[in-house]
Amino acid sequence: MNAEIGHFALILALAVAIFQMIVPMIGAQKGWSGWIDSARPAALAQFGLIGISFAALTMAFVSSDFSVKLVYENSHTAKPLLYKISGVWGNHEGSMLLWVLILSLFGAAAASFDANLPPSLRARVLSVQAAIGAAFLAFILFTSNPFVRLDSPPFDGRDLNPLLQDPGLAFHPPFLYLGYVGLSMAFSFAVAALIEGRVDAAWARWVRPWTLAAWMFLTIGIALGSWWAYYELGWGGFWFWDPVENASFMPWLLAAALLHSAIVVEKREVLKSWTILLAILAFGFSLIGTFIVRSGVITSVHSFASDPERGIFILAILAFFVGGALLLFSVRAGVMQAKGVFAPVSREGALVLNNILLAVSAFVVFIGTVWPLVAEMAWDRKLSVGAPFFEKAFTPFMVALALILPIGAILPWKRGKLMRALHPLRGALIFAAAVMLLVFAVSTGHSALAVIGAGLGSWLIAGAVAELWLRTGSSGWSRLGRLPRADWGKALAHAGLGVTFIGVSLLMAWQVEDIRTVRIGDTFAVAGYDITLDAVEELPGPNYSAVTATMRVNRDGRQIALLHPEKRVYAVQVMPTTEAAIQNGLFRDLYLVIGDQQQDGGWAVRTYIKPFASWIWLGSALMAIGGLVSLSDRRYRVAAGARRHSAAPQPAE
């Protein structure tokens with residue numbers, strides 16, 4: 001019965017979404033207040049209905065209702081409760097239901113909290129949001145129904161993909177979707193503004209919190225996925241430039257550009273057209289990510305489906321919304337006249353350069369991701385674009401971005417002088433230079449990657465500190481605690497990027513890898529550590545069997561760790577997975593992997609010494625915390641202070 005309730009609620013949600021798409025938009029155009037006001041209850045009703053549907057599917061997974069085909073294909077009675085719940089979105093149909101649930105959540109939040117929005121603009125925003133929801137609800141109901149029943153329910157299920165049975169990946173998709181789908185709000189604001197013919201400082205103040213929230217959730221989601229790849233796959237890497245990884249990274253870059261561009265619109269009312277275009281493209285790249293994961297055009301451990309027909313449906317949604325928005329953008333470009341002018345050397349100029357670097361870097365990643373597909377379709381050639389291309393093509397833009405961020409934050413609005421802006425950054429320059437000299441002195445082979453990366457990261461961290469201190473003025477420490485939260489959030493985010501720079505560069509430059517065959521009782525040395533394979537035994541798990549090694553790590557004759565790497569085999573799918581054993585540290589990780597038993601009786605063992613690996617995720621956490629702190633600023637809580645700009649909108653021409 002739960003499945004039928006969930007299915008019926010989804011059908012009703014589609015009907016409500018169609019109503020919300022049409023009626024408030026007409027009301028806003030005609031000035032009919034009753035029709036305009038209908039957007040709020042419709043948005044709340046749509047969220048409630050989709051919530052009921054999602055709850056019904058979750059109950060089916062938790063109760064192991066194998067009469068539901070999706071539960072049979074992605075669950076098992078022996079599976080732990082956490083993975084029964086995460087199995088709801090660990091597949092194509094369930095993940096799309098989570099997608100529309102989050103979409104309706106953002107719509108309901110906009111309906112509930114944006115009290116300062118002009119009613120007509122709010123109605124148009126919610127109408128555009130509903131149009132996206134209607135398209136994806138139709139996609140689910142007609143091509144990806146999660147509530148399909150089986151005529152003869154089996155006694156047990158096929159289990160969830162073992163790679164997805166991990167705490168990190170259980171929470172990775174919801175955070176990623178909160179970011180992906182959150183960018184739909186920026187898109188809806190952009191389209192609504194184009195229809196209404198109004199883009200001003202108040203509009204930028206309204207759109208920034210939604211973009212900031214989406215960027216923050218994307219940061220957390222990407223970091224969780226990177227962390228999962230690091231410790232779960234057993235290959236010791238944190239980023240592989242996998243097409244699905246790139247699919248989440250591109251909107252993150254464009255969302256960062258949109259955040260910075262919206263600042264210029266809010267403060268100076270320039271870059272209006274560019275900001276609107278970024279809002280359209282950021283959500284467009286989110287839809288591209290949805291297409292890549294579900295179309296079958298790529299093969300990845302992250303992909304949910306390999307059905308070209310469903311991929312074409314998503315491609316049609318992408319073409320309709322992004323193509324339609326770009327067409328509207330071209331028609332309405334004339335209403336977005338800039339009011340201010342600025343010199344190249346100014347904060348506006350620095351933010352423009354920041355935007356160019358972020359946008360171009362996103363398109364570099366896009367070209368590297370889709371080029372193998374283009375080559376295969378156009379010339380029937382199999383090409384592989386891997387890490388060497390991305391690292392060489394992408395890295396220069398990030399280097400330039402790191403160089404300008406602290407300077408741009410110091411420059412005054414409208415016009416400034418470069419040397420005067422560098423004056424408060426003297427200490428940051430000295431600190432970065434000192435770090436570069438230190439890293440150069442201890443680098444084996446004088447690695448340029450380590451020196452440059454550590455220097456840039458230190459420059460970003462010290463620059464963030466210098467900017468905070470400069471904003472205190474003559475008050476010094478007494479004013480530091482009274483600075484706006486947005487200033488603290490920006491400093492934390494920029495410093496977090498610097499910490500990540502240091503982690504990535506030092507890890508890639510200094511890591512040590514050792515692969516060998518080891519017999520039980522043997523001791524081997526790696527980078528000053530003595531590692532002994534004490535035992536290998538088979539141990540049962542809740543729904544798997546594991547070959548577990550006991551490995552003792554000594555340094556200078558003293559035991560510092562006892563680690564237990566595993567190889568698991570999940571009985572239902574007969575699929576092996578690798579569980580690395582990691583001793584985490586602030587300045588290095590010791591990473592051990594047990595492989596297969598060899599013909600001579602020994603075991604394949606991989607050992608990695610990974611300097612500063614934890615700094616990668618520490619930096620990501622700082623960036624996310626910076627976003628949260630900024631989001632709590634009084635000026636951005638539901639666009640506080642925007643009421644004075646909320647004059648009646650101009651009618652569309």
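Scanning the range 370-378 for any residue that is within 23 Å of SER620 (Cα to Cα), at pLDDT below 90 and touching a Ser or Thr at 6+ places or on another chain (Cβ under 8 Å) turns up nothing. Which condition from (1) modelled with pLDDT of 90 or more; (2) crowded, with 24+ Cβ neighbours inside 10 Å; (3) farther than 15 Å from LEU618 by Cα is the one that PRO209 breaks? For PRO209, the failing item is (2).
The single condition from (1) under 30 Å from GLU196 (Cβ atoms); (2) at pLDDT 90 or above; (3) assigned to a loop (DSSP other than H, G, I, E, B); (4) not small (Gly, Ala, Ser) that LEU117 fails is (2). If the condition is being in a helix (DSSP H, G or I), of a type in the set (A, V, I, L, M) and surrounded by 15 or more Cβ atoms within 10 Å (Cβ to Cβ), then the range 404-421 contributes ILE404, LEU405, ILE407, ALA409, ILE410, ALA421.
Of the residues making up the range 376-395, those that are assigned to a helix (DSSP H, G or I) and surrounded by 15 or more Cβ atoms within 10 Å (Cβ to Cβ) are PHE389, PHE390, ALA393, PHE394, THR395.
Name the residues in the range 263-279 that are of a type outside the set (Lys, Arg) and surrounded by fewer than 24 Cβ atoms within 10 Å (Cβ to Cβ), would you? Listed by number, the residues that qualify are ILE263, GLU266, GLU269, VAL270, SER273, TRP274, LEU277.
Check the range 434-450 and report whether any residue there is touching a Phe, Trp or Tyr at 6+ places or on another chain (Cβ under 8 Å) and farther than 22 Å from GLY237 by Cα. Scanning the range 434-450, I find at least one residue that is touching a Phe, Trp or Tyr at 6+ places or on another chain (Cβ under 8 Å) and farther than 22 Å from GLY237 by Cα, so the answer is yes. Within the range 122-177, restricting attention to residues that are over 22 Å from SER248 (Cα atoms) and of a type in the set (S, T, N, Q), the residue that is surrounded by the most Cβ atoms within 10 Å (Cβ to Cβ) is SER127.
Which of the residues belonging to the range 105-114 are farther than 16 Å from VAL207 by Cβ and either of a type outside the set (A, V, I, L, M, F, W, C) or over 25 Å from the mean Cα position of the chain (by Cα) (or both)? Result: SER112, single match. For the range 606-633, filtering for residues that are aliphatic (A, V, I, L, M), surrounded by fewer than 22 Cβ atoms within 10 Å (Cβ to Cβ) and closer than 29 Å to THR548 by Cα leaves 1. Is it the case that the range 70-86 has a residue that's among the basic types (Lys, Arg) and more than 22 Å from ASP166 (Cα to Cα)? No: the range 70-86 contains no residue that is among the basic types (Lys, Arg) and more than 22 Å from ASP166 (Cα to Cα). Select from the range 547-574 the residues that are at pLDDT 90 or above and of a type in the set (A, V, I, L, M) and write down the one among them that is nearest to TYR231 (Cα to Cα). Top of the filtered list is LEU563. When ALA3 is tested against the conditions (1) at pLDDT below 95; (2) within 28 Å of the chain's Cα centre (by Cα); (3) not charged (D, E, K, R), the lone failure is (2).
From the list ILE292, ILE280, which residue is in the same structural domain as ALA201 (by TED's automatic domain parsing) and at pLDDT below 90?
Values: ILE280 fails: at pLDDT below 90.
Testing whether each residue is in the same structural domain as ALA201 (by TED's automatic domain parsing) and at pLDDT below 90 leaves just ILE292.
Scoring SER67 on the criteria (1) within 13 Å of GLY157 (Cβ to Cβ); (2) buried (at least 20 other Cβ atoms within 10 Å of the Cβ) leaves a single failure, condition (2).
The residues on offer are ALA378, ALA333, ALA343, ALA409, and the sole one that is out of contact with any Phe, Trp or Tyr (no Cβ under 8 Å at 6 or more places or on another chain) and closer than 20 Å to GLY455 by Cβ is ALA409. Restricting attention to the range 581-616, the residues that are over 21 Å from THR517 (Cα atoms) and more than 33 Å from the chain's Cα centre (by Cα) total 0.
The values are calculated or read from the model by the stated rules, or taken from the named source; none is laboratory data. Nothing here was measured: the structure is a model prediction, and the numbers come from that model. All Cβ positions, even for glycine, are placed from backbone atoms using ideal geometry, and neighbour counts span all protein chains on display.
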